[in-house]
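Peer 1: Just dropping this structure here.
Every number in this text was worked out from the coordinates using simple rules, so none of it is lab data. All figures in this text were calculated on a predicted structure; none of them were measured in a lab. Here the Cβ positions follow ideal geometry from the backbone for every residue, glycine too, while neighbour counts run over all protein chains shown.
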Amino acid sequence: MRVAFVAPVVVLVLAAGAVASCEAGGAGGGAPGVNGRSAPVERLRVEVVETLPHDPGAFTQGLEMAGGTLYESTGVTGRSAIAWGRPGAPPSRRAKLPAPLFGEGIAVMGPTLWQLTWRDGVAIERDARTLAELRRVPYDGEGWGLCHQPRRERLVTSDGSSRLVFRDPGTLGRKGSVVVTLDGRPVERLNELECVGDLVYANVWPTDRIVRIDSATGRVTGEIAAAGLIGATERRRADVLNGIAAVPGTDQFLLTGKWWPKMFRVRFVPAPLTTGPSRQAP
């Protein structure tokens, strides 16, 4: 279940490259390295650039930046909503989802955006400026994460399994899929997604772990340890890490979680032998 309160788990993995298995929509095999071997998986941690306030009542399910605007989709039946505004500021516009809809991942595509629902069997297309609902389309399976790859003319979705499904951006019809693997083993419970070119960043529920995926092969090319962003007292009132948005024009990302009182602007940097978030000197 997505709503259950689960203690976060920190997973740090040192792994060699993986070989992906996939359906139409991605070719099999990892990136070649030295002597034909797959390139090693990069091990990363978060470096905090800035700490921003975040609504502790927001059960974050989708997070995305378009220009200087931050969009956030939140869940929980009867409390689900979508909003946009500036990072760290109160929302400039907000729209509620009527019960029993449970809000999930979002993808902004210029003047419109898609918002998934969890088990309601529909996705909602909205006006990106007003957030007004334009239409609903049938959606097969559970909706979890969502992001857009404009160069490939497709959406990427997750459903809590190890599989990413590629979809038509106009109809949400399936265009193929790929199984995400690390060291030859599937990576389960892929949640909120962020597309950066052909790479997909995925939160792994219910952990403080993010994986960077080559969407052409499904191979994990990097793991990010994001434990320790909020303190023990804050953790007692919060749920898991979930929410990753690339900051356009930079190498930075925004990270937050379900019912977190803070949002963090971060970089992903090489991890030392012991990991944890570092703070950038002022």
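Peer 1: Taking the Cα centre of the range 126-177 as origin and charging only Cβ (+1 Lys, Arg; -1 Asp, Glu), how large is the dipole, in debye to the nearest 20?
Peer 2: Here the range 126-177 has a charge dipole of around 220 debye.
Peer 1: How many percent of the alpha carbon pairs in the range 187-282 exceed a separation of 15 Å?
Peer 2: Summing the P(r) tail past 15 Å for the range 187-282 gives 62 percent.
Peer 1: Just to confirm a number: summing +1 for Lys and Arg and -1 for Asp and Glu over residues other than residue 247 whose beta-carbon lies under 15 angstrom from that of residue 247, what do you get?
Peer 2: Overall, the nearby charge balance is -3.
Peer 1: Need the full-extension length gain, residue 52 to residue 237, defined as separation in residues times 0.36 nm minus the C-alpha distance. One decimal, nm.
Peer 2: Between residue 52 and residue 237, full extension yields 64.8 nm more.
Peer 1: Treating only the Cβ of Lys, Arg, Asp and Glu as charged (+1, +1, -1, -1), what charge dipole size does the range 39-271 show about its Cα centre? Round to the nearest 20 debye.
Peer 2: It works out to roughly 260 debye.
Peer 1: Label points 7 Å out from Cα along the Cβ direction at residue 130 and residue 109: separation in nm?
Peer 2: So the two model labels end up 2.0 nm from each other.
Peer 1: Once you put a point 7 Å from the Cα of residue 269 and another 7 Å from the Cα of residue 174, both along the Cβ direction, what distance in nm separates them?
Peer 2: In this crude label model, residue 269 to residue 174 measures out at 4.3 nm.
Peer 1: So, one more: How far apart, in nm, are two points set 7 Å out from the Cα along the Cα-to-Cβ line at residue 94 and at residue 39?
Peer 2: 4.2
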